[in-house]
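First comes the structure, then the notes that go with it.
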Amino acid sequence: MSNLDNINLPATSNESGTLHPINQTKDYLLNLLADFGFKEVHGPEIETEEFNFDMLNIKKSHPARQMHDTFYAEGKKNVLRTHTSPVQIRSMLESKPPIAFTSAGKVYRKDDDATHLPMFHQVEGIYVDENVTFANLKDLMHQILHELFGDNVEIRFRPSYFPFTEPSAEVDILSESGKWLEILGCGVVNPVVLKNCNIDSNKYSGLAFGLGVERIAMLKYGVNDIREFYKSNLDFLAQFK
Amino acid sequence: MKINYQDLINFVSEKPSKEDLSQKLFQLGHEHEINGDIFDMELTPNRGDCLSLIGLARDLAVFFGVSNSIDLFNDDIESLEINFENLSPNDCPKISFLEIEIEDSKVEYKPYLENYFNTVGAGKANIFTDISNYISYELGQPTHCFDRESIKAKIIFENRVCNTTFKTLLGSEVLLKDRNCVFTSNDEIISLAGVMGGASTACSSNTKKVLVECAYFNPESIIGKSTKYNLTSDAAHKFERGVDIASQEMVLRRFAKVVQDHAKIKSIRFKSFSEAYNQDLNIPIDVNKINKILGMSLKNDEYLRHLKGLGFHFADNKIKVPSYRHDIETNNDLAEEIARVIGYNNIKSIPINLKSVANNYGDKVAKLESLLVNNGFSEVINFPFSSNNDKGSINIDNPLDSNRNNFRISLKDSLIENLLYNERRQKDSIKIFEISDIYTKDKVIKQQKKLGLIISGRLGHNYNDFSKKLDQKYLNNLLNKNNDEDIFEITEILRSSLNTKKKDKIFYVEIPIEDIPMSFFSKLSTQQRSIDFINYKPISEYPSSARDFSFVIEDVQVVHEIIDMLDNISDKIIKDSFLFDYYKDDKRKIIKLGYRFIFQSHLKTLSDSEINKKVNEILCPILEIDGVSIPGM
C-alpha cells in the first residue's frame with residue numbers, strides 16, 4: 001500500500017458569480033460608445049414632466065403623456081422617467097457644444113405583459129456640434145451596428161417619429177432567418193430641443209440615438225423571453241459568466 | 001388600420017404590385033403587415049393624415065400617378081336652418097352639418113360599400129352609420145350621424161364639467177367625470193364629442209332623416225377620453241392625431257354622393273360654422289437649410305419637385321403646407337420629407353471624427369462588483385415597486401396594481417424574495433447582491449445608490465466548504481477584515497418571519513455606496529472586463545434530484561484518476577456534479593470520496609428508475625477499477 005502522505009489533495013476552485021447579463025450588456029454598450037467618443041452622464045429615475053416631456057418637445061397631447069403609458073408619482077408632481085433622454089437634457093443645460101454624451105439606466109413604462117416590462121434599460125447617445133447632419137448619423141449608426149453584429153450585417157433605415165428628433169429613423173438589421181429586426185431609434189436632434197437647452201440651433205445641430213438594452217441582450221445571447229432576466233434565478237444567471 | 005390593396009390601387013394609375021406598394025410604403029415610413037389583400041398599417045402618431053385611403057394615396061403620389069378624383073355630390077345644396085351654438089370654438093374651430101332625408105332606408109349595398117365591411121371586419125349598423133364609417137376609411141374624416149327626428153331642441157357644443165351617466169350608441173353606459181367636450185340638446189348629453197355618440201339620438205335601420213355632423217376638434221381637447229372611458233373609437237384615434245380642417249364640405253358632399261348611390265334623396269341641406277383659425281402655414285424656400293440638415297447637396301428644383309409630389313404648393317418664394325399636414329412646421333420637418341422621398345437608405349453616410357473617451361470601469365461600483373463576483377456572488381436586478389408604504393416611500397399615482405403602488409426604500413425585501421425563490425429551486429448555497437439607486441422623499445426626493453447582499457446555505461460546493469455554512473464570519477472576512485473598523489453592518493434575517501421551512505441562517509448587508517470609505521476601495525483592484533456573449537440555453541423548470549455516492553479507494557494511487565473520471569462525466573440530464581467529501585483514513589490506508597450528482601431534465605420530472613439507470617451507466621466503469629468500491633453496492 002502507498003503512503004497516504006504522498007497523495008496530493010484534490011484541487012478546489014472558487015466558484016465565481018456573475019454580473020447580471022443586462023448590466024454586462026449595458027456596460028459593453030457604454031464601453032463601445034466611449035470608444036466612439038461618448039462620455040457617460042448620470043441623472044435621476046424620478047423626473048419632472050418638464051424634463052421628461054416638455055424639454056424634449058413631447059407636447060401635452062402626445063399619447064406618451066397619458067396615465068396609461070407613464071407612471072406618475074406624488075400626485076402628478078413627478079414621473080418615473082420613460083427614457084434616459086432627460087439625463088441628456090440636464091447635461092446639455094450644464095455644457096456648451098461640442099458635446100457627446102451617453103446616458104444609461106432604468107426606465108419605466110406602464111406595461112406588463114409577455115413582451116413588455118414596467119421597467120427596462122436604455123442606452124442613449126447625443127452629439128451636438130457645428131454641422132452635424134443626418135449623413136453623420138447614418139455613418140455612426142452603421143459603425144455601431146457593425147461593431148455589435150459584425151461587418152457583414154445588412155442594415156435598413158426607416159422613417160419614424162420621435163418628438164425630440166427630426167428627421168427620425170428606426171434602424172433594422174436583417175436576421176439570419178431573413179427577418180428584419182428593429183434595433184434602435186435615432187434622428188437629427190429637433191432644434192426645439194437645442195433651444196430648450198439654451199443651445200443656438202442656428203449654429204449647432206445634433207444627432208441622437210437610443211438602444212434598448214434588453215433587446216440587444218436578447219439578440220446577442222439568444223434569450224427569447226424578456227421576463228427571464230428579472231426572475232433572479234441563479235441557474236439562469238450562472239450561464240452569463 | 002386595415003386597408004384593402006384593391007381599394008388603394010384604385011387611386012394609383014400604375015396599379016403597382018403588392019410588393020412594389022409595400023416597398024414604397026416602407027420607404028415613406030409606413031410600417032405594415034400584409035395578409036392577402038389586406039395591408040395592416042401601423043402609422044406613426046404624427047401622420048394622422050394617412051389614416052385613410054386618400055391619405056396614403058396622397059403620400060404615394062410622390063412615386064406614382066395618383067388620381068384625386070372622388071365622386072362627389074355636385075348639385076347645389078340648400079342652406080340648412082339649424083339651431084346650433086358653439087360655446088367652445090377653441091375646442092372646435094370649424095363644424096359643418098348635412099341634413100339628408102331619403103325615401104327608403106332599406107337599401108342594397110353597392111360592392112364598394114359591401115367590400116369595406118369585409119376589409120375591416122366590422123358589422124353593419126344602418127345605412128347612415130355604415131356610410132359614415134366608410135367615409136372615414138376613404139377620406140380619414142370621422143362624421144357622426146344623429147337621427148334628425150330625435151332632436152327637437154337647440155344643439156349646443158360645449159366643454160363642460162360633467163358628472164353624469166352617458167349611454168353610448170353601442171349601449172354601454174359610462175360615467176362622465178371632469179371636463180369633456182360634448183354636444184347637448186335640452187341639457188341632455190347627446191354625444192361625447194370626437195369619441196362616440198349617444199343612444200338617444202342614434203340612427204336606426206328605420207332612420208330616414210339624418211343630421212351628419214362633421215367637425216375639426218382640437219386634438220388636445222379629445223386626447224385620452226376614449227381610454228379614460230374605455231371606449232374603442234376610430235373617430236377619437238383620428239381626431240387625436242388631427243384631421244383636415246379644410247375638407248368638411250368635400251367630405252359631406254362625398255357622404256351625400258354615397259347616399260345618392262344607394263337611395264333616393266328627398267331633401268338635402270348644408271351649413272358650416274367656422275371661427276377664425278390659422279389655416280395657412282408658409283415656410284420660406286431654402287434648400288441650403290435642407291442640405292445642412294441632411295448632409296446632402298440637393299438642387300433647388302429637385303427639392304421643390306419632391307415637395308410638389310407630396311402635395312406642397314409654392315407662392316412668393318414660400319412653401320405652402322397642405323392643411324392636412326399637421327406634422328410640418330419647420331425646415332427639419334421638410335428635410336424629413338425629402339429624406340423619405342429620396343429614401344433614407346439612399347442618403348450617403350459621412351463619418352464624424354470624435355476622439356474616444358475613458359470608460360468608467362475604475363469606479364466604486366465596478367470595484368464592488370468585481371469583489372463580489374470573484375467571491376461567488378451573482379448580481380440580480382429587481383423591479384423597484386413595493387406594496388409597503390414605508391416612511392419616505394414615493395407613491396405611484398397610477399400603479400399597475402395595489403401591490404406595486406410604492407417605490408421601495410430598501411433592497412432587503414427584494415433580495416429576501418430572490419433568496420426564497422432560489423431555495424424553492426433546490427439551491428443550497430446562495431450569495432446574491434444588487435446595486436441600485438433608491439429614492440425616498442422628505443421635503444425633496446433623495447437619490448442614494450445602495451448595495452444590498454444576502455447569503456444563506458452552504459459555504460461552497462467543494463469538499464472544504466460543503467459542510468460549512470455561510471455566516472456572519474464569512475461576511476466579516478470578506479468585507480470588514482482589512483479595515484480598521486467594521487464598515488459593513490451584518491444583520492441576521494430571522495426565518496421565523498418568512499414563509500420557509502429551511503433552517504440555514506440568513507445574513508444581510510445593506511449600505512449606501514457613499515458610506516463606504518475610500519480606504520476600502522483603495523484596497524480593491526479594478527479589472528478590465530470583456531463580455532462574452534454566450535449562447536444561452538433555456539433553463540429547466542422541472543425539479544432537480546441529487547444523488548450522493550461514497551467511494552472507498554483502497555489503491556490510493558488511482559484517486560486522482562477517479563476524481564478526473566467523475567469530473568468529466570457529462571450528460572444532458574446531469575445539471576451539476578462535485579466532490580463534496582475527501583477523507584484520508586490513515587489507519588486503514590484508504591481514501592474516501594463523497595461525490596454528488598444533480599439530475600434535471602428539460603423535458604419532464606425525472607423518475608427514480610430513470611435516474612438509477614443513469615447512475616449505473618456512470619458508476620460501472622469506475623467500479624471496474626481495482627480497489628474502488630461503494631460500500632453497500
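The values are calculated or read from the model by the stated rules, or taken from the named source; none is laboratory data. In this text the structure is predicted, and so the values were computed from the model without any measurement. Heads up, the Cβs are rebuilt from the backbone with ideal geometry, glycines too, and the neighbour counts pull from every protein chain shown.
Testing residue A:150 on (1) surrounded by fewer than 20 Cβ atoms within 10 Å (Cβ to Cβ); (2) more than 9 Å from every other protein chain (Cβ to nearest Cβ); (3) touching a residue at least 60 places away in the same chain (Cβ under 8 Å), one condition comes back false. Which one is that?
(3)
Checking residue B:402 against (1) surrounded by 15 or more Cβ atoms within 10 Å (Cβ to Cβ); (2) more than 24 Å from residue B:530 (Cα to Cα), only one condition comes out false. Which one?
The single condition residue B:402 does not satisfy is (1).
Let me spell it out: the conditions are (1) away from chain A (no Cβ under 14 Å); (2) within 38 Å of the chain's Cα centre (by Cα); (3) within 30 Å of residue B:95 (Cα to Cα), and residue B:242 meets all of them except one. Which number is the exception?
Unmet for residue B:242, out of (1) away from chain A (no Cβ under 14 Å); (2) within 38 Å of the chain's Cα centre (by Cα); (3) within 30 Å of residue B:95 (Cα to Cα): (1).
Do we find a residue being in contact with a Pro (Cβ under 7 Å, 6 or more places away or on another chain), touching a residue at least 40 places away in the same chain (Cβ under 8 Å), more than 11 Å from every other protein chain (Cβ to nearest Cβ) and surrounded by fewer than 16 Cβ atoms within 10 Å (Cβ to Cβ) anywhere in the range B:553-563?
No: zero hits.
Restricting attention to the range B:426-467, which residues are at the interface with another protein chain (Cβ under 9 Å from one of its Cβ atoms) and either within 18 Å of residue B:490 (Cβ to Cβ) or small (Gly, Ala, Ser) (or both)?
If the condition is that a residue be at the interface with another protein chain (Cβ under 9 Å from one of its Cβ atoms) and either within 18 Å of residue B:490 (Cβ to Cβ) or small (Gly, Ala, Ser) (or both), then B:429, B:430, B:431, B:432, B:433, B:434, B:435, B:436, B:460 are the ones that fit.
Yes/no per residue for (1) out of contact with any Phe, Trp or Tyr (no Cβ under 6 Å at 6 or more places or on another chain); (2) of a type in the set (Asp, Glu); (3) farther than 29 Å from residue B:238 by Cα:
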{"residue": "B:271", "(1), (2), (3)": "no, no, no"}
{"residue": "B:282", "(1), (2), (3)": "yes, no, no"}
{"residue": "B:302", "(1), (2), (3)": "yes, yes, yes"}
{"residue": "B:305", "(1), (2), (3)": "yes, no, yes"}
{"residue": "B:313", "(1), (2), (3)": "yes, no, no"}
{"residue": "B:335", "(1), (2), (3)": "yes, no, no"}
{"residue": "B:340", "(1), (2), (3)": "yes, no, no"}
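Quick one: is residue A:20 in contact with a Pro (Cβ under 7 Å, 6 or more places away or on another chain), at the interface with chain B (Cβ under 9 Å from one of its Cβ atoms) and either within 24 Å of residue B:400 (Cβ to Cβ) or at pLDDT 95 or above (or both)?
no
Here's the yes/no breakdown for (1) surrounded by fewer than 16 Cβ atoms within 10 Å (Cβ to Cβ); (2) touching a Pro at 6+ places or on another chain (Cβ under 9 Å); (3) aliphatic (A, V, I, L, M); (4) in contact (Cβ under 8 Å) with a residue 12 or more places away in the chain:
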position	(1), (2), (3), (4)
B:455	no, no, yes, yes
B:475	no, no, yes, yes
B:482	yes, no, no, yes
B:506	no, no, yes, yes
B:517	yes, no, no, yes
B:522	yes, no, no, no
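Can residue B:476 be described as within 29 Å of residue A:240 (Cα to Cα), part of a helix (DSSP H, G or I) and in the same structural domain as residue B:426 (by TED's automatic domain parsing)?
Yes, satisfied.
Here are some conditions: (1) assigned to a loop (DSSP other than H, G, I, E, B); (2) out of contact with any Asp or Glu (no Cβ under 9 Å at 6 or more places or on another chain). Residue B:194 meets all but one. Which one does it not meet?
(2)
Exactly one condition in (1) crowded, with 17+ Cβ neighbours inside 10 Å; (2) closer than 20 Å to residue A:9 by Cα is not met by residue B:601; state its number.
Of the numbered conditions (1) crowded, with 17+ Cβ neighbours inside 10 Å; (2) closer than 20 Å to residue A:9 by Cα, the odd one out for residue B:601 is (2).
Could you run through the range B:117-152 and say how many residues are modelled with pLDDT of 95 or more and under 19 Å from residue B:11 (Cα atoms)?
8
Being of a type in the set (Ser, Thr, Tyr), closer than 23 Å to residue B:17 by Cα and at pLDDT 95 or above is true for just one of B:88, B:96, B:52, B:69. Which residue is that?
Being of a type in the set (Ser, Thr, Tyr), closer than 23 Å to residue B:17 by Cα and at pLDDT 95 or above holds for just one of B:88, B:96, B:52, B:69, which is B:52.
Please determine, by comparing only the residues of the range B:3-59 that are part of a helix (DSSP H, G or I) and more than 28 Å from residue A:163 (Cα to Cα), which one is nearest to the other protein chains (Cβ to nearest Cβ).
In this case the residue turns out to be B:19.
Within the range B:153-166, is there a residue that is at pLDDT 95 or above, within 32 Å of the chain's Cα centre (by Cα) and surrounded by 21 or more Cβ atoms within 10 Å (Cβ to Cβ)?
Checking the range B:153-166: at least one residue is at pLDDT 95 or above, within 32 Å of the chain's Cα centre (by Cα) and surrounded by 21 or more Cβ atoms within 10 Å (Cβ to Cβ).
Tally time: how many residues in the range A:28-52 are free of Cβ contacts under 8 Å to residues at least 60 places away in the same chain and facing chain B (nearest Cβ under 7 Å)?
Total meeting the criteria: 5.
All but one of (1) touching a residue at least 24 places away in the same chain (Cβ under 8 Å); (2) more than 20 Å from residue B:515 (Cβ to Cβ); (3) in contact with a helix residue (DSSP H, G or I) (Cβ under 6 Å, 6 or more places away or on another chain) hold for residue B:367; which doesn't?
If we test residue B:367 against (1) touching a residue at least 24 places away in the same chain (Cβ under 8 Å); (2) more than 20 Å from residue B:515 (Cβ to Cβ); (3) in contact with a helix residue (DSSP H, G or I) (Cβ under 6 Å, 6 or more places away or on another chain), just (2) comes out false.
Would you pick out the residues in the range B:416-437 that are in contact with a Lys or Arg (Cβ under 8 Å, 6 or more places away or on another chain), closer than 20 Å to residue A:229 by Cα and touching a residue at least 40 places away in the same chain (Cβ under 8 Å)?
Within the range B:416-437, B:423, B:435, B:436 qualify.
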